[in-house]
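Provided herewith is a single structure, encoded as structure tokens, for subsequent inquiry.
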Amino acid sequence: MPLKLEIVTPEKEIFSDEVDTCVLPGIDGEMGILPSHAPLVTIITPGELSYTKGGHTVFLAVGDGFIEVGSEGVAVMTDMALGDELIDEAAVEKALQSARDALELKTTDEEIAAVQASIQKSLAQLHVKRRRRRL
């Protein structure tokens, strides 16, 4: 029995198809979703989302968002979802260094949280991009 997976960002629908499994970066750690999973609504954090279909696994770098698991499948709403082919490693490394430099200048909790979120998204992108080289 396949699992319907939909991934959307504010800009567009990234993916919509039936898959065998998916693994998401949840607020409390990685969570695997299989067909007939119990209903769930939770937060996802920047990290790596993967899904498997027909023995082939796809990895995406995702940002902050929410997931809803229901009888229809899994809906992922996130502010970023990028496959390795869309990630410019040099640009991400530059953004990561800029964010780390900026972190030293921030003073309020809100400023620090915003920069830390940027760092987490950059690290997620680098992880997905570099995984491709290892496969």
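Treat each spin label as a single point 7 Å out from the Cα along the C-beta direction, and report the Ser71 to Ala102 distance in nm.
4.5
Right, next: Round to a whole number: what % of the accessible area of the range 1-68 belongs to carbon and sulfur, probe 1.4 Å?
55
Next up: Suppose all protein chains stay in the model; what accessible area per residue would a 1.4 Å probe give for the chain, in Å²?
59
What angle do you read, to the nearest 10 degrees and between 0 and 90, between the alpha-carbon axis of helix 89-103 and the longest principal axis of the chain?
Roughly 60 degrees between the two axes.
For Ala91 and Ile112, compute 0.36 nm times the residue count separating them, minus their Cα-Cα distance, and round to one decimal in nm.
Value of the extension gain: 5.4 nm.
So, one more: Rounding to the nearest 10 and keeping the result within 0 to 90°, find how far the Cα-based axis of helix 109-134 lies from the longest principal axis of the chain.
60
Is the shape of the range 68-135 best called rounded, prolate or oblate, per the rule: a/c under 1.5 gives rounded, else a/b larger than b/c gives prolate, else oblate, with a ≥ b ≥ c the square roots of the Cα gyration tensor eigenvalues?
oblate
What is the sum of charges around Pro25, taking Lys and Arg as +1, Asp and Glu as -1, for the other residues whose C-beta is under 11 Å from the C-beta of Pro25?
-4
Quick one, which of (1) 1.01; (2) 1.10; (3) 2.08 is the actual Cα Rg over 2.2 N^0.38 Å calculated for this model?
Matching the structure shown: (2).
Looking at the square roots a ≥ b ≥ c of the eigenvalues of the Cα gyration tensor of the range 1-46, which shape do they give, rounded for a/c under 1.5, prolate if a/b is larger than b/c, or oblate?
Judged from the Cα gyration tensor, the range 1-46 comes out oblate (a/c at least 1.5, b/c at or above a/b).
Counting only DSSP beta bridges with both residues in the range 1-91, what percent are antiparallel, rounded to the nearest 5?
In the range 1-91, DSSP labels about 90 percent of beta bridges as antiparallel.
The values are calculated or read from the model by the stated rules, or taken from the named source; none is laboratory data. Every value quoted in this text rests on a predicted model; they were computed, and no experiment measured them. Every residue, glycine as well, gets a Cβ built from its backbone with ideal geometry; the counts of neighbours run over all protein chains shown. For the accessible areas, the whole protein counts, side chains as well, though only heavy atoms, and no ligand, DNA or RNA atoms are used. Shrake-Rupley method; radii C 1.70, N 1.55, O 1.52, S 1.80 Å.
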